[in-house]
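The values are calculated or read from the model by the stated rules, or taken from the named source; none is laboratory data. Note that the coordinates shown come from a computational prediction; the quantities given were computed from them, not determined experimentally. Quick reminder, even Gly has a Cβ in these numbers, built from the backbone with ideal geometry, and neighbours come from all protein chains shown.
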Amino acid sequence: MNSPDPTSRPNLMVAVVMRRERVHGPMSRWQPWRWVLADVVSQEPGFGDAPRRLLQTDDEERWLHPGFVVELFRDDAEGYMLNASTPAPCWFVLWRMEEEAMLADEPIARPVMVSLSYHDAGRWLDAQETVEQVPAPADVVDWMREFAQDHYTPEPKRRQRPQSFKGLQDRFGNPAAISTGKTFGGGKGDAS
């Protein structure tokens, strides 16, 4: 799974399978089809380098999109560790609709990036991108976990200062002053 060049980052080549499925029920009046992520598979020489249709039926189409490189970066070891430590580690795929309709009679879903990092997926979602996930195979999870364990160093926990020693601030972040002088009565004119 590692690249042959020892100076490069650990990586693997993968292909993404997208599925176009017929929508049933009342929603089909507005959207007869929808695209979903079907799978991420290891790249094979026979896949070529261009997307192609693998299957077409009345209710489904499957498209293979080859040639994605998934690299592991040392500075993202925490993102891999988060993924590896979940009950269901997965691939994250960012995909967009291709409006050019170059491959089919209508727009198709086009994968853009594939990652194993929770941090990548979070950044993509924050940018309002379409991100889906599918389970990663055990050998890929082991590879990712080993890398994460080798490079992840948790940040040391900082001692939290007791709340009683924190300076008071108003809602704008300015220092707040508290007066201990008490006033009794209804106002200046009251004689007590």
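See the values below:
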read-out	value
Count - residues of segment 5-53 that are within 21 Å of D76 (Cβ to Cβ) and either assigned to a helix (DSSP H, G or I) or hydroxyl-bearing (S, T, Y) (or both)	2
Within segment 131-177, considering residues that are exposed (fewer than 10 other Cβ atoms within 10 Å of the Cβ) and aromatic (F, W, Y), the one modelled with the lowest pLDDT	F165
Hits in segment 63-109 (condition: more than 14 Å from M13 (Cα to Cα), assigned to a strand (DSSP E or B), in contact (Cβ under 8 Å) with a residue 60 or more places away in the chain and not β-branched (V, I, T))	W95, M97, A109
Total residues in segment 110-128, condition under 20 Å from L12 (Cβ atoms), among the small types (G, A, S) and not in a strand (DSSP E or B)	2
Only listed residue being in contact with a strand residue (DSSP E or B) (Cβ under 6 Å, 6 or more places away or on another chain) and not hydrophobic (A, V, I, L, M, F, W, C), chosen from P45, P32, P87, P51	P51
